[in-house]
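The values are calculated or read from the model by the stated rules, or taken from the named source; none is laboratory data. It should be emphasised that the depicted structure is a prediction, and the values quoted were computed from it without experimental measurement. Cβ coordinates were reconstructed from backbone atoms using ideal geometry, including for glycine residues, and neighbour counts include every protein chain displayed.
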Amino acid sequence: MKLDPKATVYGWRDIRRPDQIEIGRGAVIGFWATLDGRRGIKIGPDVNISSEAALMTLQHDPGAPDFGTRGGPIVIEERAWISFRATILPGVTVGRGAVVAANATVTKDVEPFTIVAGTPAKAIARRPEALEYHLDGPAPWFV
């Protein structure tokens, strides 16, 4: 795994193909997160992946007669926040500063600074674009 020394990782539920996962400076991975790196995951700087979130790059194809698989890489851009128990499905990019609400299921790309919620996730609001925080090392609210 390519893990920036300023990233904070609290614990894994499941990690697949760590050699295909990149975690950027100041990124925070919460307790019991699932990172399925089989098709590649890139997590940008200052990203918060909350506890029990799941990033799944590969899944069964319900239309395949042989129950085959389909998938694609996941990209989480700078300062995005994937909230508690959210699921990101294969081939999705979550844009810079975007927020995925708790328990949401993301099946399509999320535009920068967009807040999405629900299953499947849909845009519900916009986030301010003037984000200035850095999550280098454990912040007081994570300890």
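Taken over the stretch 78-121, the criterion of being of a type in the set (D, E, K, R), without any contact (Cβ under 8 Å) to a residue 24 or more places away in the chain and either within 29 Å of D136 (Cβ to Cβ) or touching a strand residue (DSSP E or B) at 6+ places or on another chain (Cβ under 6 Å) (or both) is satisfied by D109, E111. For the stretch 112-131, a residue qualifies if it is within 15 Å of T87 (Cβ to Cβ) and small (G, A, S), and the qualifying residues are A117, G118, A121.
Quick one: would you say L55 is closer than 23 Å to A125 by Cα and either in contact with a Leu (Cβ under 8 Å, 6 or more places away or on another chain) or free of Cβ contacts under 8 Å to residues at least 24 places away in the same chain (or both)?
Here the answer is yes, as L55 does meet what is asked.
Identification of strands (runs of 3 or more DSSP E) wholly contained in the stretch 40-98 with 2 or more residues that are closer than 18 Å to I15 by Cα, hydrophobic (A, V, I, L, M, F, W, C) and under 12 Å from the mean Cα position of the chain (by Cα) yields 41-43, 54-56, 74-76.
Would you confirm whether or not the stretch 67-86 contains a residue that is over 23 Å from A130 (Cβ atoms), modelled with pLDDT of 95 or more, buried (at least 19 other Cβ atoms within 10 Å of the Cβ) and not basic (K, R)?
Yes, some residue in the stretch 67-86 is over 23 Å from A130 (Cβ atoms), modelled with pLDDT of 95 or more, buried (at least 19 other Cβ atoms within 10 Å of the Cβ) and not basic (K, R).
Look at the stretch 11-30: where a residue is surrounded by fewer than 22 Cβ atoms within 10 Å (Cβ to Cβ) and a partner is assigned to a strand (DSSP E or B) and acidic (D, E), sitting 6+ places away or on another chain with Cβ atoms under 7 Å, you get R16/D36. Across the stretch 122-136, the number of residues qualifying as outside any loop (DSSP other than H, G, I, E, B), without any contact (Cβ under 8 Å) to a residue 12 or more places away in the chain and not basic (K, R) comes to 1.
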